[in-house]
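This report concerns only the one structure given below.
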Amino acid sequence: MPYIQAGASLLGGLLGGRSAKKAAQAEAAAKAEAAKLAAEEARFRPVGITTRFGQSDFQFDPKTGRVSGANYSLDPALRGMQNRFMGLAEGGLTQAEQAQQQFAPLQGAAQGLFNLGQQYLAESPEQAAEKYMLSKQNLLAPSRERQYGQLQTNLFNTGRTGLAVGGTGLRPGGGEGLRAANPEMEAYYNAIAQQDAQIADQAIQAGQQQTLFGADLYRTGGNLGNQNYALQAAALGPYQAYLQGATSLEGLGQQALDIGSGIGSKIANPTGANALYGGGMGAAQSNYAANAYNPFATALTGFSQNPAFRNMNMNTSGAQAAFSQTALGGSGFGTGLAYNNRDLGAFL
């Protein structure tokens, strides 16, 4: 009796396992087919477009059906215009290359102003003022000496050489007063002192002006240098304008490729692909349970676990013979359980 139960359970498990394996294989194949259909639905399908300005051309791999290349052709009339623009651009580029040599004098002038400004700024305003005052005094020295000699001669001729007036006493605070002096000589030295004071004031202004002038030289040199670079950059203007014209014409021809690609993107249906894929996955999973069910295996397993079957009074040899006949496709365990090899093969 134990052998019969074990054999029936084993055979039922074997048949159930084989049915489950076939169901899993069928489910996997169904899912793969659903994924393939969904991918095909979502595939990018560009469309050839012809416009007034150009025509698009998409190449497809004959084996896979996928896009393998894309290009576009410009309208012949626009292509001719583009070639003319490119010819002008070539001349404009040559002109730009000559600009550096053409405007080189500006750079030289800028450098000269930098050097001159550096010389002026090498002295501080005080040093420049002192230098200014010394140069003025050197310039006035001969005339002052001449005036002094004339004054001495006039005093001598009139007998007033030793004349000295204007002396004053002590100051209230005890300081020494003014000494007596010749009136004409005093007037002479007062005039020189006033003149020197004016020169000193002018010297201060001259020192400040020299510093500002040096800074202006630097500023002017910098402006000339910037103007040099600006003119060189402006020399690229014609080349850039011609190149922009050629590029604009190229863009007009490229519109056909962009339009075809845009239509292809709209034709691709990711929403439909997702729905198709989801439906295929659900159908595959639903069919798995039906494909995995084996009624013969279920019957064997349930029969082996039936309490009435376990209580049957059968000898061991008879049970073994019955099990052998079952495995070989002979008669079964009694009435109601007969089958043959053909029936077993159908369940397997």
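Can you tell me how the range 175-258 classifies by the Cα gyration tensor, rounded, prolate or oblate, using a/c under 1.5 as the rounded cut?
Here the range 175-258 falls in the prolate category.
What does the charge add up to near Phe53, with Lys and Arg as +1, Asp and Glu as -1, over the other residues with Cβ less than 11 Å from its Cβ?
My count for the surroundings of Phe53 gives 0.
Between Arg179 and Asp201, take the C-beta separation as r, use R0 = 25 Å, and let me know the FRET efficiency to the nearest 0.05.
Given R0 = 25 Å and the Cβ-Cβ separation, E is 0.30.
Stokes-Einstein D for the range 61-206 at 10 °C, 1.306 mPa s, Kirkwood Rh over Cα pairs, in µm²/s?
Value of D from the Cα-based Kirkwood radius: 64 µm²/s.
Could you order the peptides 69-81, 209-221 from most to least packed, using the average number of other C-beta atoms within 10 Å per residue?
Result, highest mean first: 209-221, 69-81.
Test of understanding: extend the Cα→C-beta vector of Ala99 to 7 Å, then name every residue of the range 220-247 with backbone N under 14 Å from that spot.
It comes to 226-243, nothing else.
Sorted by mean Cβ packing within 10 Å, highest first, what order do the peptides 239-246, 83-90 take?
Packing proxy ranking, top to bottom: 239-246, 83-90.
Listed highest first by mean packing, meaning other Cβ atoms within 10 Å per residue, what order do 148-157, 248-257 come in?
248-257, 148-157
With a point put 7 Å past each Cα toward its Cβ, work out how far Leu163 is from Ala122 in nm, to one decimal.
In this crude label model, Leu163 to Ala122 measures out at 5.3 nm.
Would you pull out the residues with amide H under 5 Å of Gly54's amide H, same chain only if 5 or more places away, H placed 1.01 Å from N?
Here the answer is Asp75, since their amide H atoms fall under 5 Å of that of Gly54.
If you take the charge dipole of the range 82-150 about its Cα centre, with +1 on Lys and Arg Cβ and -1 on Asp and Glu Cβ, which of Gln150, Leu140, Gly117 is farthest toward its positive end?
Going by the charge dipole, the pick is Gln150.
Label Gln111 and Leu88 with points 7 Å out from Cα along Cα→Cβ: what is the distance between them in nm?
In this crude spin-label approximation the distance works out to 3.7 nm.
Would you mind getting the Kirkwood hydrodynamic radius of the range 69-135 from its Cα pairs, rounded to one decimal in Å?
17.6 Å is the Kirkwood radius here.
Every number here is computed from the coordinates shown, using simple stated rules; none is lab data. Owing to the predicted nature of the structure, the values given are computational and were not obtained by experimental measurement. Note: ideal-geometry Cβ built from the backbone for every residue, glycine included; neighbour counts use all protein chains shown.
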